[in-house]
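Below is one structure; the comments refer to it alone.
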Amino acid sequence: MNGSVRRALDYLAAHRVMTLATCGPQGPWAAAVFYASRGFNLYFLSSPRSRHAVDVAADSRAAATVQEDYAEWGDIRGVQLEGRVERLSGADEAEARALYGMKFPLVAGAGPAPAPIVAALARVHWYRLAPTRAYFIDNSRGFGHRDQVL
């Protein structure tokens, strides 16, 4: 595994929120969602009535970014991905729940979750963004530097 791939995977593991970009019946949309990852696959949960879930039900193509709110241009790092989002069930959903629970123990039932969270989790669907292409952005290596890592 080359260094850029390792840095990108470590970056995904160390962060929690992706901005998911979709396009559906109402046009383009972006939403911040919590995620867990395995490799470059990003797993998230969402209400099936959310705009991004409605969008991916109509057109599974999506893009995402994971980055911090950097103050200096030279510090910018992040991951950009494009691929397809699929709604999960069965063993795939169980895998998503397990990965998500490791990153977010409250969801795994490691402790008493507040009632609104328990109620919300009963209504969500589980999804995977399976990327077909991914880039690691690292401005510390030069302004606008990006390496294709998938």
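Only the coordinates and a few stated rules stand behind these numbers; no lab work does. Because the structure is a prediction, the values reported are computed rather than measured. All Cβ positions, glycine included, derive from the backbone under ideal geometry; neighbour counts span all protein chains shown.
Sort through A53, A36, A32, A64 and tell me the only one that's touching a Ser or Thr at 6+ places or on another chain (Cβ under 7 Å), buried (at least 16 other Cβ atoms within 10 Å of the Cβ), of a type in the set (A, V, I, L, M) and within 30 Å of S140 (Cα to Cα).
Working: A53 fails: within 30 Å of S140 (Cα to Cα); A36 fails: touching a Ser or Thr at 6+ places or on another chain (Cβ under 7 Å); A32 fails: buried (at least 16 other Cβ atoms within 10 Å of the Cβ).
Every option except A64 fails the conditions.
Consider G83 carefully, then state whether it is closer than 19 Å to V17 by Cβ and touching a Ser or Thr at 6+ places or on another chain (Cβ under 6 Å). Walk me through it before giving the result.
Working: closer than 19 Å to V17 by Cβ: yes; touching a Ser or Thr at 6+ places or on another chain (Cβ under 6 Å): yes.
Considered against the rule, which asks whether it is closer than 19 Å to V17 by Cβ and touching a Ser or Thr at 6+ places or on another chain (Cβ under 6 Å), G83 comes out as yes.
Yes or no: the range 34-41 includes at least one residue that is within 26 Å of A120 (Cβ to Cβ), touching a residue at least 12 places away in the same chain (Cβ under 8 Å) and hydrophobic (A, V, I, L, M, F, W, C).
yes
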task = Can you give me the number of residues within the range 122-150 that are touching an Asp or Glu at 6+ places or on another chain (Cβ under 9 Å) and part of a strand (DSSP E or B)?
result = 16
message = All but one of (1) within 17 Å of the chain's Cα centre (by Cα); (2) surrounded by 16 or more Cβ atoms within 10 Å (Cβ to Cβ) hold for T132; state the number of the condition that does not hold.
response = (2)
message = Just to be sure I understand the filter: pairs with C-beta atoms under 8 Å, separated by 6 or more residues or on different chains, first member in the range 17-32 and in contact (Cβ under 8 Å) with a residue 40 or more places away in the chain, second member aromatic (F, W, Y). Which pairs pass?
response = V17/F34; V17/Y35; M18/Y35; M18/F44; L20/F44; A21/W29; T22/W29
task = Quickly run through the range 77-108 and pick out the residues that are under 12 Å from the mean Cα position of the chain (by Cα) and without any contact (Cβ under 8 Å) to a residue 60 or more places away in the chain.
result = E82, G83, R84
ask   = Can you find a residue in the range 87-104 that is small (G, A, S), crowded, with 16+ Cβ neighbours inside 10 Å, under 16 Å from F44 (Cα atoms) and touching a strand residue (DSSP E or B) at 6+ places or on another chain (Cβ under 9 Å)?
value = yes
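Tell me the residue from Y70, Y11, Y43 that is closer than 28 Å to D138 by Cα, in a loop (DSSP other than H, G, I, E, B) and either of a type in the set (F, W, Y) or within 10 Å of the chain's Cα centre (by Cα) (or both), please.
Details: Y11 fails: in a loop (DSSP other than H, G, I, E, B); Y43 fails: in a loop (DSSP other than H, G, I, E, B).
Step by step, each of Y70, Y11, Y43 is checked, and only Y70 is closer than 28 Å to D138 by Cα, in a loop (DSSP other than H, G, I, E, B) and either of a type in the set (F, W, Y) or within 10 Å of the chain's Cα centre (by Cα) (or both).
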